Ligand SMILES: [Zn+2]
């Protein structure tokens with residue numbers, strides 16, 4: 001199956017190629033993710049953050065892409081779904097994030113020249129993966145990802161190591177960068193270094209150019225690929241119906257489909 005801009009996010013292609021976002025969803029809850037992929041259930045997500053992200057991405061992709069995004073999402077972006085009534089305040093904020101990046105010389109020089117939304121595919125230990133590169137500059141051996149986040153400096157609690165970590169680690173961006181680096185290498189034969197341009201949703205927005213060049217970043221990137229290698233076979237078995245999906249027992253889907261079939265000892269209620 002050939003991946004295109006139109007089918008990249010469709011669940012049909014999700015059953016052929018693993019993506020970092022679906023893999024991360026599986027690590028949170030197998031039952032919920034499988035139900036979502038099979039379109040048995042749709043998460044009740046607030047899509048504002050996603051739309052703000054797409055608002056920025058389409059703006060830096062091309063004027064045509066941005067126009068198409070605005071017209072495809074009229075009912076979410078504008079007051080009463082009507083462009084004449086003006087854009088909602090969250091998306092005015094997106095305009096100020098765009099302006100901050102537009103006026104930044106490093107962003108203009110590093111991010112803007114790249115080829116945008118490049119679809120890449122490849123294999124990790126025999127399993128097919130897909131990725132979409134925000135901005136790829138092959139002849140200078142790097143690629144960039146654009147991230148919007150509430151606050152670049154806000155620590156996010158990591159229950160595994162019991163301390164706060166930066167958003168890059170908390171949201172699995174090491175994994176994303178490691179996979180993209182590998183897929184670019186397989187598709188184009190070029191070893192590219194990853195960069196993230198982050199812009200915050202604060203007023204005024206903060207911004208940062210992030211590389212992965214420290215020794216610890218190297219360990220994190222390697223660990224992320226190892227984690228995938230250790231867990232991907234099970235994910236495919238669950239997707240193919242060979243193994244029953246595990247329920248996390250806590251998410252929206254698990255709560256919705258929860259049936260009491262036994263007593264839980266008071267002393268053994270799981271807590272985060
Ligand atoms: Zn769950």
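If you build a Gaussian network model of the chain, linking Cα atoms that sit under 10 Å apart, which residue out of 96, 62, 21 swings the most? Among 96, 62, 21, the largest mean-square fluctuation in the Gaussian network model of the chain belongs to 62. Label positions at residue 38 and residue 203, each projected 7 Å from the Cα along the C-beta direction, are separated by 4.6 nm. Helix 63-72 and the longest principal axis of the C-alpha atoms of the chain enclose an angle of approximately 50°. With angles folded into 0 to 90 degrees, how steeply does helix 215-239 sit against the dominant principal axis of the chain? Use alpha carbons for both and round to 10. Roughly 50 degrees, rounded to the nearest 10. For the chain, the longest principal axis of the C-alpha atoms and the axis of helix 89-102 are separated by about 60°. Taking a point 7 Å from the Cα of residue 271 along the Cα-to-Cβ direction, the residues of the stretch 132-163 with backbone N closer than 16 Å to it are 159. Rounded to a whole number of µm²/s, how large is the Stokes-Einstein D of the chain at 10 °C and 1.306 mPa s, given Rh as the Kirkwood radius over C-alpha pairs? Reported coefficient: 77 µm²/s. Note: relative contact order over the chain, using C-alpha pairs below 8 Å and six or more positions apart, is 20 percent.
Using 0.36 nm per residue and subtracting the Cα-Cα separation, the extra length available between residue 233 and residue 157 on full extension is 24.5 nm. Please report how far the C-alpha centroid of the stretch 161-240 lies from that of the stretch 1-52, rounded to the nearest whole angstrom. About 18 Å separates the Cα centre of the stretch 161-240 from the one of the stretch 1-52. Here the extension length gained between residue 47 and residue 95 equals 15.5 nm, from 0.36 nm per residue of separation less the Cα-Cα distance. Using R0 = 35 Å, the C-beta based FRET efficiency linking residue 246 and residue 5 works out to 0.55.
A short reminder: the numbers here are calculations on the coordinates, not readings from a lab. A quick note: this is a predicted structure, and the numbers were derived from the prediction, not measured. Heads up, the Cβs are rebuilt from the backbone with ideal geometry, glycines too, and the neighbour counts pull from every protein chain shown.
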